[in-house]
Amino acid sequence: MCGIAGIIDLDGPRDIPRRRVQAMTDAIAHRGPDGEGHWLNPGVALGHRRLAIIDPEGGIQPMIGDKISVTFNGMIYNFRELRSELEAQGARFETNSDTEVLLHGWRAWGAALPEKLDGFFAAAIWDARDGTFALIRDRWGKKPLYYSISPQGELLFGSDLSAILAGMNHTPDIREDALSDYLAFGYVPEPKSILAGIEKLPPAHRLILKRGAWRDAKAERYWSINVHPEDTGQTMEDAVAELVPLLRSAIDKRLISDVPLGAFLSGGVDSGAMVALATQARGPGLDACTMAFEDAAFDESDLATKVAQQYGARHHIETVREEAMADLNPLGVAFSEPFADASALPTMQLCALASKHVKVALSGDGGDELFAGYRRYPYHMNEERLKGRIPGAVSRGLFGPLARAYPAMPNAPKVFRAKSTFESLATDAMGGLFRATAIMRENERDALMVRPPQYSSADLLRAHAAEAQTDDPLARAQYVDLMTWLPGRMLVKVDRASMFSGVEVRNPLLDLHLAEWAAKLPTRLKLDGFSGKHVLKSALRGLVPSEILDAKKRGFVAPIGGWMTGRFAAQMEALPTRSHLSESGLIEPKAVTTLWSEMRDGKADRSRELWTLMMLNGFLGRLNGETAQSNAA
């Protein structure tokens, strides 16, 4: 787990000043507190910040071989098996690190290298033999990788946006379709970044460029998950018998570490499974870290304690307090792009707690997407079932007017909030899923933006749904979440928060073999009425307390409603007229005032929308400051 950065001249071997790549790695120093390295050759500058997990003495980067050089962020679980395969082909290894597998692997397999890797990674490889440069990213997009190519053929790459900005001599404009996506989702989905001319390499993609012949090169996908449910009549008992060994194998390979390892533990199913299975694999005494909340509606620490006690874990609990959230600057530094999931704050605090005890932590991310744990899935299924019985034109004609006529009652009990359901029934499947996941609807976004684009963020979901090539509504929704929500929101949150505190997080439920098995499960093994993760919960009976398995899903969220009208009230008052946001010319001040007035006066809960704008405001302030410093360097 590290940070990478660099500059490549794709047109020729022009000199690159060391200070530029040094500035880029300085910008991501928080991603690698254990050391830094740089390697320069004519037209090539590679940089690295290191968090040492495997072979602390031998895995120094950038790693330079015979005309092949690599800078790498991540962990390759099958590096020992690949090493044996490469040694059988004549490769000679000088270290015990997984990084060296990339050097010899590129020589042996070239562009097919990422297909051989089981793990999470973002890597840059320079091959001086023929002037080839490659960027590769893991299947789920757990490790970030930004890049920018100038018209003059200079490529900059880095682990976050701040690294790219540190290597530039100008401030890119805000990309307004990306801004639209951010207001809708609370993050900027791949391949866009919030800034024009800077992109993210999407998950499961590689970009191969040849010096002197790079202009037509495009990133290409090397893997996709096949979400084709197969109902072979398999019983729940049969499915559990297949699932348990896959879970144990996924845990076992993620216990490889030369430094202390523990787990994140909430009161949920997935993290409870991590502690249970890891303890069975390595014995009691696992360090388990939990965040508690003062508000009982958000607190699950009592359930986490039950799991910790059952498995003899060393349990570390810290309470999220409102006053600890006063300084939002670390959040902005860690995330570099605007990011509006408020649970990033307690996640940052959780990772800081973990860093006092371990350097590697297991986490349950991916379970909701692969085993249908989100509450939106059964509702989506029911809506699609109903729409399937009514012709599309009739459905739009019936439910569209109802949605327009029915009053919005965001503070009313859920049974009375039918407007959203009518809106979902009046649109297509991905329009309905968009409404279930979006922070802002498109009319709300358009009211906020000074120049609203002729563009629908829901079209991103539609494009991914078409890739899924399945008519199964649940599998299609899961696939879309795996392509958007998981890499854009969930994995970004955990990666940025953990790297800010020097902790490597591993996700057993995203194991490749486990995921490909789960992708074939029929709906009846995933959903039990309105309860998800049916087969996973069945497999965990006897391992995780029943009161966790049977509890209503709550998720890891932050109580930002009270924060908006409390600690952040002064910032909210300033946001419409006295802020970076109001000076940007991007957002309509009157629309911001309306949102804040509704929140302040108790007319509607606008906390998510206001938090989204507050995070954007902080980003704009940092963007001006960071770029000014970079230009002065």
Checklist outcome for this item: Projected onto the charge dipole of segment 512-633 (unit charges on the beta-carbon of Lys, Arg, Asp and Glu, signs +1, +1, -1, -1), the Cα from 559, 595, 539 with the largest positive-side position is that of 539
Checklist entry - Using +1 on the beta carbon of Lys and Arg, -1 on that of Asp and Glu, and nothing else charged, what's the dipole of segment 243-306 about the Cα centre, debye to 20? => result 500
Item to check | Scattering curve values for segment 243-372, log₁₀ I(q)/I(0), Debye with Cα scatterers, q = 0.21 Å⁻¹ | outcome: -1.30
Checklist entry - Quick one: accessible area per residue over the chain, 1.4 Å probe, rounded to a whole number of Å²? => result 38
Next on the checklist: Which log10 I(q)/I(0) values does segment 119-206 give at q = 0.14, 0.22, 0.23 Å⁻¹ under the Debye formula, counting every alpha carbon as one identical point scatterer?
Outcome noted: -0.52, -1.15, -1.21
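For segment 274-330, what is the charge dipole size about the Cα centre, in debye to the nearest 20, if Lys and Arg each add +1 at the Cβ and Asp and Glu each add -1 at the Cβ? Please list the in-between numbers first.
On the way: 4 positive and 10 negative charges, 114 e Å.
Here the size comes out at about 540 debye.
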Next on the checklist: Quick check on the chain: of the DSSP beta bridges with both residues there, what percent are antiparallel, nearest 5%?
Outcome noted: 75
Next on the checklist: Projecting each Cα onto the charge dipole of the chain (Lys/Arg +1, Asp/Glu -1 at the beta carbon, about the Cα centre), which of 276, 454, 159 comes out farthest on the positive side?
Outcome noted: 454
Next on the checklist: How large are Rg and Dmax for segment 1-159 when calculated on the C-alpha trace, in angstrom?
Outcome noted: 14.6, 43
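Going down the table (306/526; 306/603; 210/493; 253/526; 200/537), which pairs top 29 Å between alpha carbons?
Numbers: 306/526 26 Å; 306/603 39 Å; 210/493 34 Å; 253/526 25 Å; 200/537 35 Å.
Violating the 29 Å limit, Cα to Cα: 306/603; 210/493; 200/537.
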Checklist entry - Hey, what did segment 144-298 get for relative contact order, percent, Cα under 8 Å, at least 6 apart? => result 12
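Say R0 is 60 Å: what FRET efficiency, to the nearest 0.05, do residue 221 and residue 600 get from their beta-carbon distance? Can you show the working numbers first?
On the way: r = 47 Å, r/R0 = 0.78.
FRET efficiency, residue 221 to residue 600: 0.80.
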Checklist entry - In a shell of Cβ-Cβ distance under 12 Å around residue 31, excluding residue 31 itself, what net charge do Lys and Arg (+1) and Asp and Glu (-1) give? => result -2
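Local charge sum around residue 449 (other residues, Cβ-Cβ under 15 Å, Lys/Arg +1, Asp/Glu -1)?
Net charge in that neighbourhood comes out at -4.
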Checklist entry - What translational diffusion coefficient, in µm²/s and rounded to a whole number, does the Stokes-Einstein relation yield for segment 90-136 at 25 °C and a viscosity of 0.890 mPa s, taking the hydrodynamic radius as the Kirkwood radius over Cα pairs? => result 216
Checklist entry - What span do the alpha-carbon atoms of segment 501-633 cover on each of the three principal axes, reported in whole Å from largest to smallest? => result 55, 47, 26
Item to check | Cα centroid separation - segment 224-292 against segment 443-521, whole Å | outcome: 21
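Reported to two decimal places, what Rg/Rh ratio describes the chain when computed on Cα atoms with Rh from the Kirkwood expression?
Details: Rg = 24.2 Å, Rh = 25.4 Å.
Rg/Rh: 0.95.
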Item to check | In Hz, Karplus ³J(HN,Hα) per residue of segment 147-163 (6.51, -1.76, 1.60; θ = phi - 60°; x = Gly, Pro) | outcome: 7, 8, 10, 7, x, 7, x, 9, 9, 10, 9, x, 6, 8, 4, 5, 5
Item to check | Interchain or long-range residues, amide H under 5 Å from residue 119's placed H | outcome: 77
Checklist entry - When the Debye formula is applied to the Cα atoms of segment 8-89, each taken as the same point scatterer, what base-10 log of I(q)/I(0) results at q = 0.24, 0.25, 0.26 Å⁻¹? => result -1.19, -1.24, -1.28
Checklist entry - So what is the calculated 222 nm ellipticity per residue for the chain, using -39500 (n - 2.57) for each DSSP H run with n of 4 or more, over all residues, to the nearest 500 deg cm²/dmol? => result -12500 deg cm²/dmol
Checklist outcome for this item: In whole percents, the bins of 5 Å from zero upward hold the Cα-Cα pairs of segment 497-546 as 4, 16, 17, 21, 16, 11, 10, 4, 0
Checklist entry - Round to a whole number: what % of the accessible area of the chain belongs to carbon and sulfur, probe 1.4 Å? => result 50
Checklist entry - Between residue 320 and residues 5 or more places away or on another chain, which pairs have amide H atoms under 5 Å apart, with H built 1.01 Å from N, and which residues are they? => result 292, 293, 294
Checklist outcome for this item: When the charge dipole of the chain is computed with +1 at the Cβ of Lys and Arg and -1 at the Cβ of Asp and Glu, the Cα pointing farthest to the positive end, of 530, 479, 507, is that of 530
Checklist entry - Which ³J(HN,Hα) values, rounded to whole Hz and listed in residue order, are derived for segment 589-601 from phi using the Karplus coefficients 6.51, -1.76 and 1.60 in 6.51 cos²θ - 1.76 cosθ + 1.60 with θ = phi - 60°, glycine and proline given as x? => result x, 5, 5, 5, 4, 4, 4, 5, 4, 5, 6, 4, 8
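Just to confirm a number: summing +1 for Lys and Arg and -1 for Asp and Glu over residues other than residue 550 whose beta-carbon lies under 12 angstrom from that of residue 550, what do you get?
Values: positive: 533, 537, 541, 552, 553; negative: 528, 547.
It works out to a net charge of +3.
The values are calculated or read from the model by the stated rules, or taken from the named source; none is laboratory data. Just so it is clear, the model here is predicted, and its values are computed rather than measured. Note: ideal-geometry Cβ built from the backbone for every residue, glycine included; neighbour counts use all protein chains shown. Only protein heavy atoms, including side chains, enter the accessible area calculation; ligands, DNA and RNA are left aside. Shrake-Rupley method; radii C 1.70, N 1.55, O 1.52, S 1.80 Å.
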